[in-house]
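I have placed the structure first, in the form of structure tokens, so that the comments after it can refer back to it.
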Amino acid sequence: MSFIKKFIQQEKVNRRDLLLASAFGLGGVAASGLLGPGMARAAIADPTVAWSYRNRTNPYWNEIVSGGEAFVESLGKSKDFLTHLINEGSSEKSLADVKALLSKTNGDLALAIDTNDAPNARPVVEACVEAGAYVSTLWNKTDDLHPWDFGDNYVSHMSWSDEGPAEQTARILLDAMGGSGGVVHLGGIASNNPAIERLNGLKNALKDYPNVELLDAQPADWDTQKANQVMSSFLTRYGDEITGVHCANDTIAYGVLEALRAEGIEGMPVVSYDGNPQAVDLVSRGEILATVFTNPHWGGGITASLAYHAATGHFKPSDEPNEHREFYGPTIFVTPEDAAEFKASYLDSVPTYDWTDFWGPSNGQIQYQ
Amino acid sequence: MADTMANAAPAARFLTRDRIIKWAPLLVLGVLILLFPFFEWLEDIRAGEAHAYLIDSRFFSIRNAARIGIAAAPALMVAIGVTFIIIMGSIDLSMEGTVSVCAVVFAFAFLAWGGTVLSWAWLAIPAAMLVGAAMGFINGLVHVKLKIPSFMASLAMGFVGTGLALLLTGGDRTRVEDPIFRSLLTERWFNFPVMVYVALAFLLIAWFIQSRTTLGRNFYAVGGGEELAHASGLNVERVRLMGFTLAGVFFAVGALLAVGRIGIAETATGNNFMFVSITAVVVGGTALWGGIGGVWNTLVGVLIVSVINNGMVVIGLPAYVQDAVLGILVILAVVLSTDRRSVSFVK
């Protein structure tokens with residue numbers, strides 16, 4: 001199916017480029033004629049710092065933006081210095097807001113952005129480059145869009161790959177099962193990319209454990225109640241054959257644990273993903289063997305920091321190697337041994353980060369398949 | 001000769017069309033309960049393993065019956081609530097929002113007032129039911145006083161409820177870990193957890209309301225012919241208001257059992273209840289045009305849906321065909337279990 005997805009994506013880009021081109025019209029041509037394309041500008045002394053994202057009611061994005069606020073506070077400014085562009089899940093609004101802010105600030109802008117969908121990244125980046133602003137992207141961009149193709153103005157892109165970390169939690173699970181028995185997987189919404197990657201992680205790990213059978217993998221739609229029912233049905237079908245459970249995220253794990261509790265089953269090895277505070281508590285009690293934390297607070301702060309420091313001339317992006325332009329975000333494993341320490345250092349009090357240590361916690365250059 | 005005639009007549013009358021239709025939902029349930037073990041049997045025979053039909057079935061076992069009971073109990077409460085509304089010929093789609101709000105309010109109040117049933121926190125249980133009643137009452141007011149069709153009024157109230165729950169929680173989950181409250185799930189009497197008995201108790205209450213109270217009779221009067229009921233001096237608006245309020249209370253009970261089941265209250269607690277409850281009511285033989293059916297039909301309907309959901313995973317049906325199979329089975333069940341000859345047209 002990937003060729004269909006690719007085709008749709010391409011068509012979207014084409015359509016958007018056409019729309020953009022016609023929207024810009026002669027005015028855009030005239031403006032670029034005046035300033036020159038991809039113009040090199042002297043560093044901006046005091047750029048506006050902005051974060052463009054979906055909305056704050058989602059706990060994940062709330063964490064991201066709190067990182068952005070922590071960063072501007074580290075500059076000795078108030079939280080309100082950070083400009084919020086909220087797209088509410090609309091790529092069109094995302095692009096329109098960026099353009100409005102670019103003209104308002106006359107390009108003196110350091111922008112951190114998740115463009116809502118991958119095709120929207122190109123017009124956003126091109127608009128920023130055109131205006132001489134500095135932009136760092138998070139999560140969404142197409143595979144053919146690279147920061148190094150835009151000189152200094154497209155500073156960086158950060159994303160996460162779930163396949164590797166999911167494979168590692170699977171290994172923790174399979175080791176806890178003693179390398180034999182049967183494992184079931186409860187996944188996210190079947191078509192979601194993280195859901196696919198996390199199941200693939202389990203399958204990769206299973207190659208090294210020939211005595212473990214993947215009994216079943218069913219979608220639980222990231223939903224606690226659905227997971228609860230799927231797990232109890234698994235218990236009917238496989239009963240004692242199940243010796244380990246691999247969950248696609250923490251919410252699913254909660255439902256699984258309750259299904260096990262209803263049957264009076266104790267000590268079943270379970271692993272999950274996301275590192276929610278409640279899941280971390282369960283890890284410290286040993287009810288979950290491992291979860292993965294992706295540190296959205298740091299991700300939100302460092303994305304803003306990269307754009308800001310490139311804008312002020314603190315570093316020159318084009319002098320940096322490619323692995324500093326496109327990289328994976330951090331993944332921190334939480335296991336029973338370090339859960340208490342993890343909770344103290346990441347959840348109970350948010351650590352103070354050095355926002356000029358741009359790549360310390362990052363996880364290597366993004367690989368395309 | 002006369003004797004044989006006399007003997008044949010009751011036999012012929014025993015299988016009347018009305019009787020068959022009345023008992024069809026139960027028949028469907030029975031067939032399903034025998035069908036899933038058949039697939040298990042087939043699978044094992046093909047694999048060359050010994051398998052005595054039903055005796056070796058994992059599906060047809062007390063332990064699995066308890067699992068189906070756990071899955072069905074909260075849905076049964078919500079479905080009973082909406083049964084009253086459907087008997088009146090209206091519909092209530094506010095269950096997802098109402099369940100979420102009741103679950104969240106219950107969890108907040110329970111933790112704030114002591115966090116264990118042995119303290120004043122038990123008051124959170126009636127408080128949640130009051131909230132459910134209030135939501136249902138407002139729903140009814142919007143429907144009756146603003147004269148908005150129940151479909152739109154309740155759907156909108158459902159969205160309001162979901163939004164309210166999100167506002168209260170900010171997207172977070174609240175854990176209710178009191179062991180006494182959780183004994184709804186963990187404590188078992190005769191192999192079944194307490195929540196199943198609680199659900200049965202509320203089923204009996206609902207049956208009492210339906211068959212032994214004026215209100216219950218009035219639901220049928222409104223559903224069977226609203227103009228006639230109105231002309232007979234019945235205050236139809238009042239009956240509708242009370243119906244929606246009563247439904248709200250049952251939604252709240254469903255919310256309490258749902259929290260008891262997973263120990264978590266969140267905005268997503270209400271998810272999926274709309275599909276399960278409406279399907280269950282219709283599959284059970286309560287007609288969407290009102291006046292026909294009742295809470296026992298709903299019990300059978302909820303069991304049919306829960307058995308199908310459980311059975312499909314147990315026989316190892318791939319995930320991507322489960323939804324399609326569920327849809328087809330629902331159509332089949334409705335065809336078999338509702339008397340469509342009496343309606344001249346369906347809209």
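Readers should treat all values here as calculations from the given coordinates under stated rules, not as data from a laboratory. Predicted model, so just to flag it, every value in this text is computed and none were measured. Quick reminder, even Gly has a Cβ in these numbers, built from the backbone with ideal geometry, and neighbours come from all protein chains shown.
Listing for the model above:
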| read-out | value |
| --- | --- |
| Amide H partners (placed H, <5 Å) of A:Ala290, local residues excluded | A:Ser272 |
| Sequence-distant residues sharing a close amide H with A:Ala217 (under 5 Å, placed H) | A:His185 |
| Antiparallel DSSP beta bridges within chain A, percent to nearest 5 | 10 percent |
| For chain B: relative contact order, % (alpha-carbon pairs under 8 angstrom, 6 or more apart) | 31 percent |
| Mean ellipticity per residue at 222 nm, deg cm²/dmol - from DSSP H runs of n ≥ 4 across chain A, formula -39500 (n - 2.57) | -14000 deg cm²/dmol |
| Anisotropy class of the protein assembly as shown from Cα gyration tensor, a/c 1.5 cut | prolate |
| Neighbour-count ranking [beta-carbon atoms within 10 angstrom, fewest first] of B:Cys102, A:Cys247, A:Cys128 | A:Cys128, A:Cys247, B:Cys102 |
| For segment A:174-215 versus segment B:72-150, the gap between their alpha-carbon centres in whole angstrom | 40 Å |
| Degrees separating the helix A:121-131 axis from the principal Cα axis of chain A, which is the longest one | 30 degrees |
| Potential extension, B:Leu123-B:Leu336 segment - 0.36 nm per residue separation minus Cα distance | 72.2 nm |
| Estimated vicinal HN-Hα couplings, Hz - segment B:16-21 in sequence order (Karplus 6.51, -1.76, 1.60; Gly, Pro = x) | 6, 4, 4, 4, 4, 5 |
| Alpha-carbon Rg with Dmax, taken over segment B:114-214, Å | 17.5, 49 |
| Per-residue ³J(HN,Hα) for segment A:187-195, Karplus 6.51 cos²θ - 1.76 cosθ + 1.60, θ = phi - 60°, Hz, x for Gly and Pro | x, x, 4, 3, 8, 6, 4, x, 4 |
| Cα centroid of segment A:341-369 to Cα centroid of segment A:137-162, whole Å | 18 Å |
| ³J(HN,Hα), Karplus 6.51/-1.76/1.60, whole Hz, each residue of segment B:321-331, x for Gly, Pro | 9, 4, 4, 5, 4, 4, x, 5, 5, 5, 4 |
| Choice from B:Gly224, B:Gly233, B:Gly140 showing the highest fluctuation, given a GNM over chain B with Cα pairs closer than 10 Å | B:Gly233 |
| Pairwise centroid distance, computed over Cα atoms, of segment B:237-254 with segment A:296-326, Å | 57 Å |
| Distribution of pairwise C-alpha distances over chain B, 10 Å bins, in % | 6, 23, 30, 24, 12, 4, 1, 0 |
| Angle between chain A longest axis and helix A:163-176 axis [Cα atoms, degrees, rounded to 10] | 20 degrees |
| Rounded to 10°, Cα long-axis angle of helix A:91-105 versus longest principal axis of chain A | 40 degrees |
| Cα pair distances of segment A:113-199 binned at 10 Å [whole percent] | 15, 34, 21, 17, 10, 3 |
| Förster-model FRET efficiency, 60 Å R0, B:Phe275 and A:Ala45, C-beta, rounded to 0.05 | 0.55 |
| Sequence-separation-based contact order of chain A, relative, with Cα cut under 8 Å and 6+ spacing, percent | 18 percent |
| At R0 = 41 Å, FRET efficiency that the Cβ-Cβ distance of B:Phe192 and A:Leu347 yields, to 0.05 | 0.60 |
| FRET E, pair B:Leu34, A:Gln367, Förster distance 41 Å, beta-carbon r, rounded to 0.05 | 0.20 |
| Exposure proxy ranking, count of Cβ atoms within 10 Å, fewest first, for B:Lys145, A:Lys226 | B:Lys145, A:Lys226 |
| Long-range amide H partners of B:Ile91 with built H, under 5 Å | B:Ser150, B:Phe151 |
| Extension gain from A:His84 to A:Asn106, taking 0.36 nm per residue of separation minus the Cα-Cα distance | 6.2 nm |
| Ellipticity estimate at 222 nm from DSSP helix runs (n ≥ 4, -39,500 (n - 2.57)) divided over chain B, nearest 500 | -24500 deg cm²/dmol |
| Proxy reagent accessibility, fewest Cβ within 10 Å first, across B:Met274, B:Met157 | B:Met274, B:Met157 |
| Bridge type composition, the protein assembly as shown - antiparallel percent by DSSP, nearest 5 | 20 percent |
| Hull-based mean projected area of segment B:263-307, where the convex hull spans the alpha carbons, in square nanometres | 3.9 nm² |
